[in-house]
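Chemist: Structure below; questions to follow.
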Amino acid sequence: MNPAKLAGIDFCASADIVARQLIGVVVLVDGVGGRIVETEAYDREDPASHAFSGPTERNAAMFGPPAHAYVYRSYGIHWCLNFVCREEGHGAGVLIRAIEPLAGLDLMRRRRDADDITALCSGPGKLCQALEVTRAFNGRSLALPPFLLEAAAPGIEIVEGARIGISKAMEVPWRFGLAGSRFLSRPFR
């Protein structure tokens, strides 16, 4: 199996294509997780991307091989999970913004100290807490445990819009979501 092709996704494709194709894919970490309902794409030519200024110790995984995790801390508080795409050395990734919880709900509730299923994974920091993703996952292959990716069901309707929480390239419509999902971090306009 080509490790850059998982769950029907070609991780060598551009970030915006991969971000769109990840909608509906099920991601599990040690058996806990759910359906991806919201993503954002980032590329090294994008001033909002961590890769824009080139490789650093923090973003090195983003320049690594496709179909690997890039995990970083946002605002020094929350972990964020990204899937690396494009060819090794390019610097592109997809932020997993929200998932619909499907597996390990009781464990997610304990980890998040939350009962509302719609609030368990409705944001990148929340989903990392619920799935217990930390910097220890940075650089790991998505083709190997603890990760498991399962292809999306056919016929997914996808919406797109502006990315959230950035101050550069705000007009780039590289945020993608599952139409009608109640598990998004924020509704699409």
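Chemist: For the range 41-69: of the residues being at pLDDT below 95 and assigned to a strand (DSSP E or B), which is farthest from ARG20 (Cα to Cα)?
Modeler: ASP43
Chemist: Search the range 60-75 for residues that are closer than 13 Å to ARG86 by Cβ and pair each with any residue that is modelled with pLDDT under 95 and in a helix (DSSP H, G or I) when their beta-carbon atoms are under 7 Å apart and the residues are at least 6 apart or on different chains.
Modeler: Final answer for the pair search is HIS68/ALA61; TYR70/ALA61; TYR70/MET62.
Chemist: Of all the residues that make up the range 137-189, how many are small (Gly, Ala, Ser) and touching a Lys or Arg at 6+ places or on another chain (Cβ under 7 Å)?
Modeler: The number of residues fulfilling the criteria is 3.
Chemist: For residues in the range 60-90 being under 19 Å from LEU184 (Cβ atoms) and under 13 Å from the mean Cα position of the chain (by Cα), which is surrounded by the fewest Cβ atoms within 10 Å (Cβ to Cβ)?
Modeler: Per the criteria, the residue is CYS80.
Chemist: Here's a check for you: in the range 91-121, which residue that is over 18 Å from LEU184 (Cβ atoms) and in contact with a strand residue (DSSP E or B) (Cβ under 8 Å, 6 or more places away or on another chain) is surrounded by the fewest Cβ atoms within 10 Å (Cβ to Cβ)?
Modeler: The extreme case among them is LEU107.
Chemist: If you take the residues in the range 13-48 that are touching a helix residue (DSSP H, G or I) at 6+ places or on another chain (Cβ under 9 Å) and of a type in the set (A, V, I, L, M, F, W, C), which one is farthest from PHE137 (Cα to Cα)?
Modeler: ALA13
The values are calculated or read from the model by the stated rules, or taken from the named source; none is laboratory data. Note that this is a predicted model, so its numbers are computed, not measured. Because the Cβ atoms are built from the backbone with ideal geometry, glycine has one as well, and the counts that use them run over all protein chains shown.
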